[in-house]
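Chemist: The structure's right below; bear with me while I get my questions together.
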Amino acid sequence: MKLPAEVTIYEVGPRDGLQNEARNVPTADKIRFIDSLVASGIRSIEITSFVSPKWIPQLADAAEVARGVQRPPGVLMSALVPNRRGLDTALASGMKVVAVFLSASETHNKKNVNKTIAETLAAFDEVVPAARAANVQVRAYVSTVFGCPYEGDVDPQAAVDLVGKLRDMGVYQVSLGDTIGVANPAQTEDVIGRVLAKHPAEAIAVHFHDTQGTALANCLVSMQMGITTIDASAGGLGGCPYAPGASGNLATEDVVAMLHSMGVKTGIDLDKLTEASRTASTFVGHELPSKYLKAHLGKQARARRRAEKLGS
């Protein structure tokens, strides 16, 4: 099995994860969460989104979070921006990397941003050049690449075309999203293969949801094809508020544990990452879906019970 020697984990929990939570997490807890992710060795983190609080009230404190986090050298911190106003606020908050987003399906794009795909791309003309002029890198997300909750199947050519248009604008990397978690390994091979026939692997990332339990398998196929950036969310936090039935993101510790067991480097301390996810579960107020986290917490509980029994 041919795998890359090293993979970059692009952590999206503080944004993509927390935006879908019912509970509003205090700013101080968000900052503590991000700092703990940095301490675990993660070097690429999407920390928030500069969207209208009317649409995503959970991230209304974006500027405070951006100003409050530690920014050690070598750590890339990004924020989602929906428009020029969001970009201007992000720049004023010290962001050096921003991300734009759209969907591969018209209906989901309309539900998500109330624009057609063409209108969304036109709006990016006000964001991407301005960001680049400010010496800020721009990443992009393309949602519903592998299936749409409203339209069903999505033409793979849509992803190929959108990646081309985004890269022509100056976007440095495009993350291809399985927003509702319906992709399978054969489909992943097909779509990624079509994209890589036109674009270099370093310009592409993958973002899988684990609705049907296939996210790790899809990551494995992607890596075998040369993809070395994987989006993931600590503890499996989050989903898409505009994708009915979408479950949480791929859990960061699940993919890191798999990579480490196969000898693929990530630079991440798995124990510290797991502790960061455990802490996050306390302030969102519920158990997180990460399989590795559940196994780790169970192992700790059994060890405590054995220690208590020996001490009694």
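Chemist: Contact list please: Cβ distance under 7 Å, first residue in region 191-209 and touching a residue at least 40 places away in the same chain (Cβ under 8 Å) and over 15 Å from Phe101 (Cα atoms), second residue of a type in the set (A, V, I, L, M) and in a helix (DSSP H, G or I), pairs at least six apart or on different chains.
Modeler: So the pair list comes out as Val191/Ala159; Phe208/Ala215; His209/Ala215.
Chemist: Next up: Restricting attention to region 199-233, and to residues there that are among the hydrophobic types (A, V, I, L, M, F, W, C) and either part of a loop (DSSP other than H, G, I, E, B) or modelled with pLDDT under 95 (or both), which single residue is surrounded by the fewest Cβ atoms within 10 Å (Cβ to Cβ)?
Modeler: Within region 199-233, the match that is surrounded by the fewest Cβ atoms within 10 Å (Cβ to Cβ) is Met225.
Chemist: Going by what's in this entry, would Ser44 be described as at pLDDT 95 or above, of a type outside the set (A, V, I, L, M, F, W, C) and within 17 Å of Val138 (Cα to Cα)?
Modeler: Yes; evaluated as a whole, the condition is true for this residue.
Chemist: Please verify whether Ala79 is within 27 Å of Ser281 (Cα to Cα), crowded, with 18+ Cβ neighbours inside 10 Å and small (Gly, Ala, Ser), treating the condition exactly as stated.
Modeler: The answer is yes for Ala79.
Chemist: Only one of Ala301, Ala295, Ala280, Ala276 is modelled with pLDDT of 95 or more and either more than 24 Å from Asp29 (Cα to Cα) or in a helix (DSSP H, G or I) (or both). Can you tell me which?
Modeler: Of the residues listed, the single one that is modelled with pLDDT of 95 or more and either more than 24 Å from Asp29 (Cα to Cα) or in a helix (DSSP H, G or I) (or both) is Ala276.
Chemist: Given the criterion over 21 Å from Ala205 (Cβ atoms), over 17 Å from the mean Cα position of the chain (by Cα) and of a type in the set (Gly, Ala, Ser), identify the matching residue among Gly267, Gly263.
Modeler: Gly263
Chemist: Continuing with the same structure: I'd like the full set of residues that are surrounded by 15 or more Cβ atoms within 10 Å (Cβ to Cβ) and not in a helix (DSSP H, G or I), limited to region 50-67.
Modeler: The answer is Phe50, Val51, Trp55, Ile56, Ala60, Asp61.
Chemist: I'm trying to understand the selection: among the residues of region 121-149, which are assigned to a loop (DSSP other than H, G, I, E, B) and crowded, with 17+ Cβ neighbours inside 10 Å?
Modeler: Scanning region 121-149 gives Val127, Val136, Thr144, Val145, Phe146, Gly147, Pro149.
Chemist: Considering each of Gly94, Gly86, Gly74, Gly17 in turn, give the residue that is touching a helix residue (DSSP H, G or I) at 6+ places or on another chain (Cβ under 9 Å) and in a loop (DSSP other than H, G, I, E, B).
Modeler: Of the residues listed, the single one that is touching a helix residue (DSSP H, G or I) at 6+ places or on another chain (Cβ under 9 Å) and in a loop (DSSP other than H, G, I, E, B) is Gly94.
Chemist: Working carefully through the options Ala92, Ala118, find the one that is without any contact (Cβ under 8 Å) to a residue 24 or more places away in the chain, surrounded by fewer than 18 Cβ atoms within 10 Å (Cβ to Cβ) and more than 21 Å from the chain's Cα centre (by Cα).
Modeler: Ala118
Chemist: Does region 98-109 include one or more residues that are in contact (Cβ under 8 Å) with a residue 60 or more places away in the chain, assigned to a helix (DSSP H, G or I) and not small (Gly, Ala, Ser)?
Modeler: Within region 98-109, one or more residues are in contact (Cβ under 8 Å) with a residue 60 or more places away in the chain, assigned to a helix (DSSP H, G or I) and not small (Gly, Ala, Ser).
Chemist: A further question follows. Look through Val51, Val38, Val12, Val7 and report the one residue that is at pLDDT below 95 and among the β-branched types (Val, Ile, Thr).
Modeler: After ruling out the rest, the residue left standing is Val51.
Chemist: Counting just the residues of region 22-46 that are part of a loop (DSSP other than H, G, I, E, B) and either at positive phi or surrounded by fewer than 18 Cβ atoms within 10 Å (Cβ to Cβ) (or both), which one comes out nearest to the chain's Cα centre (by Cα)?
Modeler: Ranking the candidates gives Gly41 first.
The values are calculated or read from the model by the stated rules, or taken from the named source; none is laboratory data. Computed from a prediction, not measured in an experiment: that's the story for all the values here. Cβ: placed from backbone, ideal geometry, glycine included. Neighbour counts: every protein chain shown.
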